[in-house]
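Q: So that we are looking at the same thing, I have put the structure below in structure tokens.
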Amino acid sequence: MNHVDGTTLTYGHPPPAQPPAAATGYQCAWLEKQSRCGEWFPTLAELVVHLGEIHEACGTANKPLVCQWDIGGSPCNAKFRRDNFKRHIQTHFGIADVCEDCGKSYSRPDTLKKHVKKYHPRQ
Ligand SMILES: [Zn+2]
Ligand SMILES: [Zn+2]
Ligand SMILES: [Zn+2]
């Protein structure tokens with residue numbers, strides 16, 4: 001059984017580096033001293049606990065966190081508050097692209113970007 005996302009079968013190409021989350025679990029891609037953590041977790045909830053405990057990635061009520069999730073070799077760098085943490089991490093698994101400020105979800109990252117630009121412009 002191949003996991004093929006598009007309509008085109010691409011034989012001869014290597015499969016994506018990360019297998020679908022639902023099939024195998026959730027891999028931690030937090031960058032710790034510039035290298036990926038790489039631990040696997042059966043559920044997103046466990047991964048989120050791990051991020052908080054091991055990577056101290058849960059922040060505080062007053063202090064936003066800067067996401068160190070590895071995106072093609074560089075950190076995500078999104079800022080978020082504790083309340084938005086799980087939701088934000090979800091987006092790294094393609095569960096949904098959710099606006100960290102208001103919770104709206106988008107199927108495409110660039111659509112979300114446009115939304116953020118329009119409704120939550122950076123100072
Ligand atoms: Zn980790
Ligand atoms: Zn992130
Ligand atoms: Zn929003």
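Q: Determine, yes or no, whether Gly52 is modelled with pLDDT under 60, of a type outside the set (Asp, Glu) and out of contact with any Lys or Arg (no Cβ under 6 Å at 6 or more places or on another chain). Quick ask: steps written out before the conclusion?
A: Working: modelled with pLDDT under 60: no; of a type outside the set (Asp, Glu): yes; out of contact with any Lys or Arg (no Cβ under 6 Å at 6 or more places or on another chain): yes.
Considered against the rule, which asks whether it is modelled with pLDDT under 60, of a type outside the set (Asp, Glu) and out of contact with any Lys or Arg (no Cβ under 6 Å at 6 or more places or on another chain), Gly52 comes out as no.
Q: While we're looking at this one, here's another question. Out of segment 60-117, which residues are of a type outside the set (S, T, N, Q), closer than 20 Å to His50 by Cβ and in contact with a Pro (Cβ under 8 Å, 6 or more places away or on another chain)?
A: Once the filter is applied, which keeps residues that are of a type outside the set (S, T, N, Q), closer than 20 Å to His50 by Cβ and in contact with a Pro (Cβ under 8 Å, 6 or more places away or on another chain), segment 60-117 yields Val66, Cys67, Trp69, Phe80, Arg81.
Q: Condition check: exposed (fewer than 15 other Cβ atoms within 10 Å of the Cβ), modelled with pLDDT of 75 or more and away from ligand 3 (no atom under 16 Å from the Cβ). Does Asn77 satisfy that?
A: Against the criterion (exposed (fewer than 15 other Cβ atoms within 10 Å of the Cβ), modelled with pLDDT of 75 or more and away from ligand 3 (no atom under 16 Å from the Cβ)), Asn77 qualifies.
Q: Using beta carbons and a limit of 7 Å, which pairs, at least six apart or on different chains, have the first residue in segment 98-123 and at pLDDT 75 or above and part of a helix (DSSP H, G or I) and the second one of a type in the set (D, E, K, R) and surrounded by 12 or more Cβ atoms within 10 Å (Cβ to Cβ)?
A: Leu112/Asp97; His115/Lys104
Q: OK, next. What is the residue count in segment 24-59 for residues that are over 16 Å from Asp70 (Cβ atoms) and assigned to a loop (DSSP other than H, G, I, E, B)?
A: Total meeting the criteria: 6.
The values are calculated or read from the model by the stated rules, or taken from the named source; none is laboratory data. Keep in mind that what you see is a predicted model, and the values were worked out from it rather than measured. In this analysis, Cβ positions are derived from the backbone assuming ideal geometry, glycine residues included, and neighbour counts consider all displayed protein chains.
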